[in-house]
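The values are calculated or read from the model by the stated rules, or taken from the named source; none is laboratory data. Please read all numbers here as calculations on a predicted model, not as lab measurements. No Cβ is skipped: glycine too gets one built from the backbone with ideal geometry, and neighbour counts run over all protein chains shown. SASA here: full protein model, heavy atoms, side chains in, ligands and nucleic acids out. Shrake-Rupley method; radii C 1.70, N 1.55, O 1.52, S 1.80 Å.
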Amino acid sequence: MIMTLPEIDNDILKVILISILILIGGFVASIWLFRILKKILKKYKNPAFKRIASIIQYPFKVLVLLVALNFVRVHLQSSILIEGSNFGQLFYILFLTVITWLAISVVKAVKAVIIANYDVGIEDNLKARKIHTQIKVFERIAVVLIVFFTIAMALLSFEAIRQVGVSLLASAGIAGIIIGFAAQKSISMLLAGFQLAITQPIRLDDVVIVEGEWGKVEEITLTFVVVAIWDKRRLVLPVTYFIDTPFQNWTRQTSEILGTVFIYVDYGFPVERLREFMTQSLSENPYWDGKVNVLQVTDCTEKSMELRALASAKDSGTAWDLRVKLREDLIEFIRINYPDYLPQNRLKMEEPKS
């Protein structure tokens with residue numbers, strides 16, 4: 001039976017119409033499925049769950065549309081309007097890409113839900129900083145693994161690459177050894193980043209002294225750590241630095257910190273009077289938390305005594321302001337009341353013997 005031209009045109013129109021209806025159905029399905037997902041998440045009455053919907057919204061809708069588009073492709077191929085397997089290969093790559101996008105979005109959504117319950121802005125934020133550090137490092141590890149396996153699956157879908165992979169299987173051991181030596185430093189840094197997330201010698205917002213600089217841990221990645229220095233500079237260090245090199249962590253156990261002020265006075269200075277004034281000064285100091293108030297003679301030289309004033313604050317930033325204000329008050333008190341007891345150089349004059 002030979003089909004006439006009008007019959008062929010009618011068949012083409014039917015196929016195109018069905019394809020359009022499938023695409024419209026996919027578009028409507030993506031919207032309604034997403035609305036159902038939002039209703040399910042709203043039942044938990046947790047603000048963090050609302051963020052899940054916004055994070056996965058676009059990859060979810062694109063995935064549903066891609067499924068509908070694949071039905072259109074199958075329908076067109078069955079109608080012998082298009083031929084060949086190139087489109088199948090293309091759709092496979094597109095599916096891998098969108099699923100990877102969705103998987104990364106799910107990882108980010110899980111991170112958002114977990115860290116939403118831990119506020120680093122509170123005073124006692126030790127646990128919150130611990131959770132934030134672990135989750136952010138694990139998020140980066142998960143994203144790297146997802147992208148790696150996606151690229152591997154996409155490459156293996158090509159016949160030529162798969163055949164090359166089989167032929168090179170015999171030499172894979174030697175290649176692995178060579179790559180291992182070549183990437184030894186990179187691999188050690190990745191392992192150090194993983195170790196950093198588990199053991200946590202540092203956490204986000206920790207106050208540390210590294211390379212002689214005082215600052216806060218601002219960012220932790222798989223390969224490097226960014227420390228925000230007090231004067232707005234950024235010190236970037238490899239993660240292996242915090243595994244191999246000693247450093248000071250002022251907030252390892254708690255965010256509370258002691259502020260230290262050193263004062264140097266003459267031996268005749270009445271230390272007890274300064275203790276009384278320090279108590280009065282701290283009671284009026286808005287940065288003091290009311291816990292530690294100590295003034296001690298910690299050293300002496302041939303010229304002066306060393307006095308160490310200790311006072312506590314709720315966190316490192318407040319401790320800096322506390323130290324500055326306390327130092328100003330102590331110096332002003334000595335300057336006004338006991339100026340003769342500031343450090344002096346003594347010179348003994350003797351009359352020459354006749």
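Tell me, yes or no, whether the range 253-260 has at least one residue that is in a strand (DSSP E or B), hydrophobic (A, V, I, L, M, F, W, C), in contact with a Leu (Cβ under 9 Å, 6 or more places away or on another chain) and at negative phi.
The first filter runs over the range 253-260 and keeps only residues in a strand (DSSP E or B), leaving 257-260.
With hydrophobic (A, V, I, L, M, F, W, C) added as a condition, the list becomes 257-258.
Subset that is in contact with a Leu (Cβ under 9 Å, 6 or more places away or on another chain): 258.
Still in the running and at negative phi: 258.
Within the range 253-260, one or more residues are in a strand (DSSP E or B), hydrophobic (A, V, I, L, M, F, W, C), in contact with a Leu (Cβ under 9 Å, 6 or more places away or on another chain) and at negative phi.
In the range 232-291, which residues are polar (S, T, N, Q), open to solvent by 40 Å² or more (accessible area, probe 1.4 Å) and closer than 23 Å to Arg129 by Cβ?
Once the filter is applied, which keeps residues that are polar (S, T, N, Q), open to solvent by 40 Å² or more (accessible area, probe 1.4 Å) and closer than 23 Å to Arg129 by Cβ, the range 232-291 yields Thr245, Gln248, Gln253, Thr254.
Those residues that are more than 14 Å from Phe262 (Cβ to Cβ) and among the β-branched types (Val, Ile, Thr), I need them from the range 282-316; list them, please.
Hit for the range 282-316 is Val292, nothing else.
What about Asp321, is it acidic (Asp, Glu), within 33 Å of the chain's Cα centre (by Cα), modelled with pLDDT of 85 or more and over 30 Å from Arg140 (Cβ atoms)?
So Asp321 passes the test.
For Lys314, work out the one condition from (1) under 30 Å from Lys216 (Cα atoms); (2) without any contact (Cβ under 8 Å) to a residue 12 or more places away in the chain; (3) not aliphatic (A, V, I, L, M) it doesn't fulfil.
(2)
Can you pull out the residues in the range 257-276 that are under 43 Å from the mean Cα position of the chain (by Cα) and in contact (Cβ under 8 Å) with a residue 60 or more places away in the chain?
Applying the first criterion (under 43 Å from the mean Cα position of the chain (by Cα)) to the range 257-276 yields 257-264.
Answer for the range 257-276, where residues must be under 43 Å from the mean Cα position of the chain (by Cα) and in contact (Cβ under 8 Å) with a residue 60 or more places away in the chain: Ile257, Leu258, Gly259, Thr260, Val261, Ile263, Tyr264.
Working carefully through the options Phe269, Phe247, find the one that is of a type in the set (Phe, Trp, Tyr) and over 29 Å from Leu342 (Cα atoms).
Values: Phe269 fails: over 29 Å from Leu342 (Cα atoms).
That would be Phe247, the only listed residue that is of a type in the set (Phe, Trp, Tyr) and over 29 Å from Leu342 (Cα atoms).
Being in contact with a strand residue (DSSP E or B) (Cβ under 7 Å, 6 or more places away or on another chain) and either free of Cβ contacts under 8 Å to residues at least 60 places away in the same chain or exposed (fewer than 12 other Cβ atoms within 10 Å of the Cβ) (or both) is true for just one of Asp321, Asp340, Asp299. Which residue is that?
Details: Asp321 fails: in contact with a strand residue (DSSP E or B) (Cβ under 7 Å, 6 or more places away or on another chain); Asp340 fails: in contact with a strand residue (DSSP E or B) (Cβ under 7 Å, 6 or more places away or on another chain).
Answer to the selection: Asp299.
Can you report the number of residues in the range 194-208 which are more than 12 Å from the chain's Cα centre (by Cα) and open to solvent by 40 Å² or more (accessible area, probe 1.4 Å)?
4
Here are Val113, Val74, Val106: which of them is touching a Phe, Trp or Tyr at 6+ places or on another chain (Cβ under 9 Å) and either at pLDDT below 85 or open to solvent by 40 Å² or more (accessible area, probe 1.4 Å) (or both)?
From the options Val113, Val74, Val106, the qualifying one is Val113.
Exactly one of these conditions fails for Ala309: (1) open to solvent by 70 Å² or more (accessible area, probe 1.4 Å); (2) over 35 Å from the mean Cα position of the chain (by Cα). Give me its number.
Among (1) open to solvent by 70 Å² or more (accessible area, probe 1.4 Å); (2) over 35 Å from the mean Cα position of the chain (by Cα), the lone unmet condition for Ala309 is (1).
Find the residue count for the range 336-348, including only residues that are over 16 Å from Arg275 (Cβ atoms) and either modelled with pLDDT of 90 or more or outside any helix (DSSP H, G or I) (or both).
Residues in the range 336-348 being over 16 Å from Arg275 (Cβ atoms) and either modelled with pLDDT of 90 or more or outside any helix (DSSP H, G or I) (or both): 8 in total.
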